[in-house]
Amino acid sequence: MKLFKILLLFITLQISAQQGGMWIPSLLKGMNEEEMQSLGSKLSAKDIYDINNSSLKDAIGHFNGGCTSEVISPKGLLLTNHHCGFSQIQSHSSLENDYLKDGFWAMSLEEELPNEGLYVEFIVSIHDVTKPVLEGVTDEMTENEKQSKRDKNSNEIEKNWSKEVWQNTKIKSFYKGNQYFLFVTERFEDIRLVGAPPTSIGKFGSDTDNWVFPRHTGDFSIFRIYANTENRPAKYSKDNVPYTPKHFLPISLDGVEEGDFTLVFGFPGKTNEYLPAVAIEQITQKYNPSNIKIREAALKVIDAKMKESDKVRIQYASKQARIANSWKKWIGENLGIQKSNAIANKRAFEEKFTKSLNTKALQDAYGDILPEFERLYKEFEDVNVKRRNFIETFIINNELMHMMFRLAQLENTASQSEEAFNKAKMGMISRLKGIHKNYDVTVDKGVFENIMPLYTKNVDVSIYENTNFIDLDKALSMLEGDSDEILKKLNADVAYQYAKPFIEEFYTKMNPEYNRINTQISAVQGKYMKALMEVMPNQRYYPDANGTLRVTYGQVKGYAPRDAVYYNPVSYLEGVMEKYIPGDYEFDVPQKLQELYKAKDYGQYADANGKLPICFLGTNHTTGGNSGSPAIDAHGNLVGLNFDRVWEGTMSDYNYDAELCRNIMVDLRYILFIIDKYAGATHLIDEMKLVHPKSNKRQ
C-alpha cells in the first residue's frame, strides 16, 4: 500500500506558515497537534478526539445534515446559527405569532417547540477502512466496475461492523477516492426549539452585509435535544427527557484578542482545493456568471414583494435567504479568485508538477493528466453551464416549474408499476402541500417572467392563467384517480405541456452527457490526487470537505481586502447603532436593544473597555456546513459561533489564501447578552457553565 504510506508520511512533515485545511479529527496526533500548539493551543489531540473518553467531538452535532451545532449544557441545550434554524422558526410563525419578527423564547421545558423531521447526528468513532474498500479494485476495470466493487465492499463492511442497535454507520471517500473512512453515528430526532432572537438581531444586515465585514449579526438560535428515558435516540414523544451529553462546551466570558488561538469544529460540506486551473477558469468565467444573473433576476421580484407584504415576507423569508446566499457568495468567489491570482498560481503549480514528473521519470505514468483535463473541460463547458441553468430555472428559483419537474418524475414511475406510482403520488401530494404552504402566485409569476428569458426564448407567462397547479385544491384534484386518469389530466395542463419538453431534454440529453463527462473528469481527478502525493510528497495536502466531521484551526486576525483598507478583527454594538435605519428590513434595531445600548447595560458581557463585542474574524478554513460550528479557545471553551466568511474569502472552497480568507464568528458574549439582558431567559444562562480561562476564575 504505497499510497497509504505516503498519506501517513505527509501528516508528520514539517509544514509552512500557511494555514488552512479541514483535518480529520482522529488523525491530529503529530503534525496537526504540534501546529495547533505553536498557534497557542493548550489542547492535546486526545482532548479533541477520543473514542474511550469524553472529548470535544462528543459536543459537536451535525444539524439536520446541512449545518453544525454544539451542546452547551448538561441538559442537552444546543446552539446553532439563526439561519440554520430559520425554517423551523418560520414554520412556527404566523401573523399572530410572528417569531421571525419578534423572536421566540421558551421560558420552561413545556414551552419548547417540537420540529418534525429535524435531527442532530453525533460521531461516535472514525475508522480507516481504505484497504477493505479497495480490495479487488484494479486498474484494468472501467470506472463503473471500480465504483460497483467499492460499493459492494463498503456495503459488506457496514453490514458486518460491530455497533449498538441504535447506532448507524457510513463510509465516505477522501482524497478523491484514494482513502476511505467509516463513521459510527448516533442520530437524535426529537429536537425542540428553545430560543431565537428577532430577525432584526439574528439577521441584522441581511443581504447587504452578507459575506462582508464588519458584521454585526447575532446569528444564533437555541434548540434542545431530547432522548428516551435511557438517554438514547428516540422519535418525538411527550415522555422523552432532555438529553444528557457525553460532553458539553463551557463558555468563556474572557472573549478574544488578536492573535488568540481558535479551533472551529464542524461538518464542512464541500470543497475542491485540488481542481486544475482550467476548471477554476470555467467556474469563474462561465459557470458562476450565468447563475448569478438568474438569481439576481429572481431576487429582484422576491425582495420587492417581501417589502410590500408581511404575509409574503413570512412566506418567502427562508426561500429568499437561500437564493440570496449563493448568489452573493458566487460574486465574492469570483472576486477572490481574481484578487488572489488563483488561476495563474494554479498554472504555475501545474508547471512545477510537470517538471517533477520529468525529474522522477513518471511522465509515462502521469503525464497524460493535465492534457486530459484541458480536453475534458473544453468538452464539459456547454453542458455544465446549461445543466446548472436548468436547475436554477426549473428547480431552485421558480416554484411552478419546480412542481412540473417533480410531476414529470411522477409520470416516469408509471412505467414501473401501479404500486410504485401510488407511492410516488403520495410523496407528490406531500410536496405540493409543502410548496403551497408558503406560495404566492404573483411572486412566482414575476420570478418566471424575469428568469425564463435567461434560459430560453420560449417564454409563455399565460400558463399562470390556465394551470391548475397555482391553487392547492385544484392541484390535489389533479392527483385523484389511477395512473392513467392522473397522467391524462396532467398532460392536458398548460403548465405541464410548457415545461415537459424542457424536462425531457434535461433527462434524455443534458444529464446523461453531463454524467458521462463528469465521470471521466472524476477519474482523472482521482489519478491527479494520487500523483500529487506521490510526485510532490512535501506539499501540504488536506482532504476536501465532504460533509464529515473536521477540525480547522487558526487565530483571531484582521485583514486588508483592498488597497489602503484594513479591518480590525472585532466589531462592537456601536456598529449596530451606526448602521441603524428605522423601519428598514435590513438595518432596523429593536427598541429594547437601543435602550440597553443607551444605558450601557451590558452586565458581565462587556469587554475590558466596557464595550460589547458582536463578531470577530479568524483565519480558520471554513465553508458551507460550518455554519453553526463552535469557535473554541486554546483551553477547549466556547468563544464564538461561526456563521460566515468574508466576501473575497469565499474562494477558499477552491483556493485558500491566508491573506484573504477569514471566517466570521459571533462573539459568545453577545449571544449571552441577548439571552440574558434582552430576552430575560436567565434560566438558560443558569444551565450553562461560564468560565474565565484567562484569569482562571469560575462563575
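Data for the structure
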item: Selection status of residue 592, part of a loop (DSSP other than H, G, I, E, B) and among the basic types (Lys, Arg); result: no
item: The one condition in (1) part of a helix (DSSP H, G or I); (2) hydrophobic (A, V, I, L, M, F, W, C); (3) free of Cβ contacts under 8 Å to residues at least 40 places away in the same chain that residue 373 fails to fulfil; result: (3)
item: Residue check for residue 318: assigned to a helix (DSSP H, G or I), within 20 Å of the chain's Cα centre (by Cα) and closer than 23 Å to residue 401 by Cβ; result: yes
item: Residue check for residue 173: outside any strand (DSSP E or B), among the hydroxyl-bearing types (Ser, Thr, Tyr) and over 30 Å from residue 110 (Cα atoms); result: no
item: Test for residue 540: is it farther than 30 Å from residue 198 by Cβ and modelled with pLDDT under 90; result: yes
item: Any hit, the stretch 240-255, residues being modelled with pLDDT under 95 and either in a loop (DSSP other than H, G, I, E, B) or under 25 Å from the mean Cα position of the chain (by Cα) (or both); result: yes
item: Residues being exposed (fewer than 14 other Cβ atoms within 10 Å of the Cβ) and either closer than 15 Å to residue 274 by Cβ or touching a strand residue (DSSP E or B) at 6+ places or on another chain (Cβ under 7 Å) (or both) - total across the stretch 349-361; result: 1
item: Some residue of the stretch 637-645 being at pLDDT 95 or above, farther than 24 Å from residue 198 by Cβ and touching a Pro at 6+ places or on another chain (Cβ under 8 Å); result: yes
item: Any chance residue 364 is in a helix (DSSP H, G or I), free of Cβ contacts under 8 Å to residues at least 24 places away in the same chain, surrounded by fewer than 18 Cβ atoms within 10 Å (Cβ to Cβ) and within 30 Å of the chain's Cα centre (by Cα); result: no
item: Residue ID - surrounded by the most Cβ atoms within 10 Å (Cβ to Cβ), chosen from residues in the stretch 211-239 that are in a loop (DSSP other than H, G, I, E, B) and hydrophobic (A, V, I, L, M, F, W, C); result: 220
item: Residue ID - nearest to residue 88 (Cα to Cα), chosen from residues in the stretch 182-197 that are in contact with a Pro (Cβ under 9 Å, 6 or more places away or on another chain) and assigned to a strand (DSSP E or B); result: 193
item: Residue satisfying condition, being in a helix (DSSP H, G or I), outside the structural domain of residue 321 (by TED's automatic domain parsing) and within 27 Å of the chain's Cα centre (by Cα), within set 627, 652; result: 652
item: Hits in the stretch 589-632 (condition: among the hydroxyl-bearing types (Ser, Thr, Tyr) and either out of contact with any helix residue (DSSP H, G or I) (no Cβ under 8 Å at 6 or more places or on another chain) or on the phi > 0 side of the Ramachandran plot (or both)); result: 619, 627, 629
item: So residue 318, is it buried (at least 16 other Cβ atoms within 10 Å of the Cβ), touching a helix residue (DSSP H, G or I) at 6+ places or on another chain (Cβ under 9 Å), hydroxyl-bearing (Ser, Thr, Tyr) and under 30 Å from residue 90 (Cβ atoms); result: yes
item: Residue check for residue 612: closer than 22 Å to residue 248 by Cβ, crowded, with 21+ Cβ neighbours inside 10 Å and not small (Gly, Ala, Ser); result: no
item: Residue among 97, 153, 144, 81 that is surrounded by 18 or more Cβ atoms within 10 Å (Cβ to Cβ) and out of contact with any helix residue (DSSP H, G or I) (no Cβ under 7 Å at 6 or more places or on another chain); result: 81
item: Long-range neighbours under 9 Å by Cβ, at least six apart or interchain, first residue without any contact (Cβ under 8 Å) to a residue 60 or more places away in the chain within the stretch 575-598, second of a type in the set (A, V, I, L, M, F, W, C) and in a loop (DSSP other than H, G, I, E, B); result: 577/589; 580/587; 580/589; 581/587; 581/589; 582/589; 597/589; 597/612
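A quick yes/no check of all residues on (1) within 30 Å of residue 332 (Cα to Cα); (2) touching a strand residue (DSSP E or B) at 6+ places or on another chain (Cβ under 9 Å):
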| residue | (1), (2) |
| --- | --- |
| 655 | yes, no |
| 661 | yes, yes |
| 680 | no, yes |
| 685 | no, no |
| 691 | no, yes |
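The values are calculated or read from the model by the stated rules, or taken from the named source; none is laboratory data. The shown structure was predicted, so the numbers you read here are calculated from the model rather than taken from an experiment. Heads up, the Cβs are rebuilt from the backbone with ideal geometry, glycines too, and the neighbour counts pull from every protein chain shown.
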